[in-house]
1. Students often check this: by mean Cβ neighbours within 10 Å, which of 57-69, 34-46 ranks highest, and how do the rest follow?
2. Relative contact order of the range 1-70: what whole-number percent is it, with Cα pairs under 8 angstrom and at least 6 residues apart?
3. Tell me, Tyr49, Tyr23, Tyr13 in order of fewest to most beta-carbon neighbours within 10 Å?
4. Treat the count of other C-beta atoms within 10 Å as a stand-in for reagent exposure and order Val15, Val8 from fewest to most.
5. Summing Lys, Arg as +1 and Asp, Glu as -1, what charge do residues with Cβ under 10 Å from the Cβ of Asp28 carry, Asp28 excluded?
6. How long are the three semi-axes of the equivalent ellipsoid for the range 1-49, computed from the Cα gyration tensor as the root of 5 times each eigenvalue, in whole Å, largest first?
7. Positive end of the dipole of the range 3-82, charges at C-beta (+1 Lys, Arg; -1 Asp, Glu), about the Cα centre: which of Leu17, Ala63, Asn53 has its Cα farthest in that direction?
8. Convex hull over the alpha-carbon atoms of the range 3-82: what's its volume per residue in Å³?
Amino acid sequence: MKRFAICVDNDDYQVSLELHKLYRILPDEVAAIDGDLRIVDESGEDYLYPAANFVVVELSKSAEQAVESSFTLTPQMHYASGGISPAHQIGEGAAPPFVSEPDAE
């Protein structure tokens with residue numbers, strides 16, 4: 001069974017963690033020894049956070065499956081797992097939107 005946690009304190013991490021939101025915990029025995037949890041945060045990346053900032057919860061099998069499938073729908077999770085973000089999909093020969101096209105001479 002996968003582990004999940006609800007954020008109950010985001011005072012020092014307001015950009016990375018949303019209060020009362022469910023987060024996925026990745027296994028990390030060394031972090032646990034230090035009193036931390038490896039959490040997949042709002043960036044879609046995993047970072048260590050104090051375990052005291054979360055309440056660990058166990059979900060029923062059906063709830064776990066529903067939550068897991070919802071993670072695969074987020075662009076951050078797709079990008080974090082090595083996929084290409086839609087923002088990075090640029091047609092061949094096209095300049096990214098933040099790069100000016102060279103002036104034709």
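Values in this text are rule-based calculations from the coordinates and carry no lab data. Values in this document were obtained by computation on a predicted structure and should not be read as measured data. Don't worry about glycine lacking a Cβ; one is built from the backbone with ideal geometry, like all the others, and counts go over all protein chains shown.
1. Taking the mean over residues of other Cβ atoms within 10 Å, the ranking is 34-46, 57-69.
2. Here the relative contact order equals 34 percent.
3. Tyr13, Tyr23, Tyr49
4. Result, fewest neighbours first: Val15, Val8.
5. -3
6. Computed over the range 1-49, the values are 17, 12, 10 Å.
7. Sorting the options by dipole projection puts first Ala63.
8. For the range 3-82, the hull spanned by Cα atoms encloses 92 Å³ per residue.
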